[in-house]
Amino acid sequence: MSAQSASTRTRTAKGKAKAPAIQVRTVTPADLVAVLVSGLRDFRAAPQYGLFFGGVYAAGGWLLVLLLIAFDLPYLTYPLAMGFALIAPFIATGFYDVSRRLELGQPLSWSGVLGSVRGAGRRDLGWMALVTGFALVVWLDIAAVILFGFFGLGVLQPSELVNQIFGTGLGWTFLAVGNAAGALIAFAVFAISVVSFPLLFDRDIDFVTAMITSVRLVRENPFSMALWCVIIAALMGLSFLTAFAALLVVLPVLGHATWHLYRRAVAPAS
C-alpha cells in the first residue's frame, strides 16, 4: 500500500468521523395536529393510493388471522392485532412517495409510486423493515409465554379462554401484564422507527443512523412523541374494532401524516 493511498484513507476516515449528525427539531402538540390535517389533505388529494395500500394492509391482517385459526393458534389473534401496527411504517412507504410528489407538485402515477417503493426497498429501508418484522415475531413469542405462564400449556378453546380472561381475577391480571408488556415493546419500536422509514425513503443513509436519529427525536421531544404514540395506538385500536375496515382510511392518513412529521422534525440535508 502506498503512502499516498494510506493518507487518502486516513483523511476519508477522519472526514466520516467528523460528519455532523442529522439535526432534529422541536415538535409540539400543535405540530401533531398540523401533520394530521396535512395527512388528511393528502389522502383526499389522492384517495386511490391510500385505499390501495390500506386495503393491502387490511387484507394482510385478515390473512394472518386466518392462518392463526388454521394452525389452531386463535389465542394469538389479539396479540397479533395489537402488534400488527409494528410493521405499518413499512407498508406506509407508498404514502411517503405520494406526499412527497404532492409537496413538490410532481404528477402522480401508479408506475412512479410503485417504482419508488420498490427502489426504496432495495436500500436500507428493507433492513429497517426486517427489524420491525422481527419485533412483531418477538412480541408474539412473549405473548404466548405470558399466556402459558398464566393458564398453563393446555390449549383452551376460544370460548373458555374468553371466560377465563374476563371472568376471573387471574384473567384480569393477565390482561394487565400482557398489555403492559406489549406497550413497552410497542414504544421501543416506535422510538426507533417514528421517523426512520420516511428518513430512509428520502435519503440514502444506513438504517442504524436512521434509528439513532429517531431515538434522538423521541428523547428531545418526550411529551409530544409520547402523545403521537398514543394517537397512533388509539386510531389503530379503533381500526381493529372494525375488523380492519377502518384501516382503509386510518392507515393512509397516518402514513401521510408521518411524512409531514418527518419534514417538520428533521432538518433538511445540507
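See the values below:
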read-out	value
The chain: DSSP helices with Cα axial extent of at least 18 Å and average Kyte-Doolittle hydropathy no lower than -1.0	29-45, 47-70, 125-151, 169-193, 207-220, 222-241, 247-265
Two-decimal log10 I(q)/I(0) for region 134-250, as the Debye equation yields it once each C-alpha is a single scatterer, q = 0.23 Å⁻¹	-1.30
Residue of 175, 254, 32 that the Gaussian network model of the chain assigns the largest fluctuation, springs spanning Cα pairs under 10 Å	175
Calculated Rg/Rh (Cα atoms, Kirkwood Rh) (choose from [x] 1.00; [y] 0.98; [z] 1.04), label	[z]
Per-residue [θ]222 nm for the chain (sum of -39500 (n - 2.57) over DSSP H runs n ≥ 4, rounded to 500)	-26000 deg cm²/dmol
Student exercise, region 33-118 dipole from Lys, Arg, Asp, Glu Cβ charges, in Debye to nearest 20	240 debye
Highest average packing first - 260-269, 226-235, 66-75, Cβ atoms within 10 Å	260-269, 226-235, 66-75
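Read-outs: derived from the displayed coordinates by stated rules, not from any lab. The model shown is predicted, which means the values in this text are computed figures rather than measured ones. Heads up, the Cβs are rebuilt from the backbone with ideal geometry, glycines too, and the neighbour counts pull from every protein chain shown.
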